[in-house]
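Every read-out reported here was derived from the displayed coordinates using simple, explicitly stated rules and does not represent laboratory data. Because the structure is predicted, anything quoted here is derived from the model rather than measured. Every residue, glycine among them, receives a Cβ derived from its backbone with ideal geometry; neighbour counts consider all protein chains shown.
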Amino acid sequence: MLGLKLPTDPRWVNIVERNIEEILTDHAYCEQKAASNAISMIIQYPHFPDLVEAMVAISQEEMEHFGMVHQKMMERGMNLGFERKDPYVNDLAEYLRKNKSGGPKASHFVNQMLFAAMIEARSCERFKLLSEEINDDDLREFYRSLMESEARHYTTFLSFARKYAEGIDVDARWQEFLAFEASLMEKYGKTETMHG
């Protein structure tokens, strides 16, 4: 369903298990950044009422997830560390900055939607892997519970890209982006971060 071209190596879970505090901190900030991104879209696109409504819901849900991750950390006697850089996200953004075919406004909008969709898709795939492979029953259940919302967010962003594309072949651009992301993933999956 997600369309990702290169699955995460299951051995990534073994890396995660060596430093649960690190993955939870990184995950918490991923949720916070996703909420900020949704709020940013409200500010940029107030003329799309359906998008505004969807972004309000997503921003609220992402902050709720941030709170859930933070609570999970406190239950384990862990502290939320400082935000980490996310090279994966930077690499995706850099690729899209170079891909601006179509009208500038429409292209920027489509790229923003595809960017968010890709991050949600990879997060969903990682949550699924954690829900199946991690040797921690509590976290296994926790990631299973979050997986569906990531998939829902992924489809939401893709549907808005298609709806407001203004002459851009969104599906072709999405397939190209998926191919790029697969090539990118060859260097990731080696650290205890949600996308790394």
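Restricting Arg11, Arg18 to those that are surrounded by fewer than 17 Cβ atoms within 10 Å (Cβ to Cβ), over 15 Å from the mean Cα position of the chain (by Cα) and within 25 Å of Ala182 (Cα to Cα) reduces the list to Arg11. The numbered conditions (1) in a helix (DSSP H, G or I); (2) over 27 Å from Ala57 (Cβ atoms); (3) touching a residue at least 24 places away in the same chain (Cβ under 8 Å) are all true for Met118 except (2). The residues of the stretch 1-41 that are aliphatic (A, V, I, L, M), touching an Asp or Glu at 6+ places or on another chain (Cβ under 8 Å) and not in a helix (DSSP H, G or I), listed by number, are Leu2, Leu4, Leu6. Just one residue in the set Ser123, Ser145, Ser131 is closer than 13 Å to Glu31 by Cα, in a helix (DSSP H, G or I) and among the polar types (S, T, N, Q); that residue is Ser123. Every condition in (1) without any contact (Cβ under 8 Å) to a residue 40 or more places away in the chain; (2) buried (at least 18 other Cβ atoms within 10 Å of the Cβ); (3) closer than 17 Å to Arg126 by Cα is met by Met55 except one, and the failing one is (3).
The residue that is farthest from the chain's Cα centre (by Cα), counting only those in the stretch 148-187 that are in a loop (DSSP other than H, G, I, E, B) and surrounded by 15 or more Cβ atoms within 10 Å (Cβ to Cβ), is Ile168.
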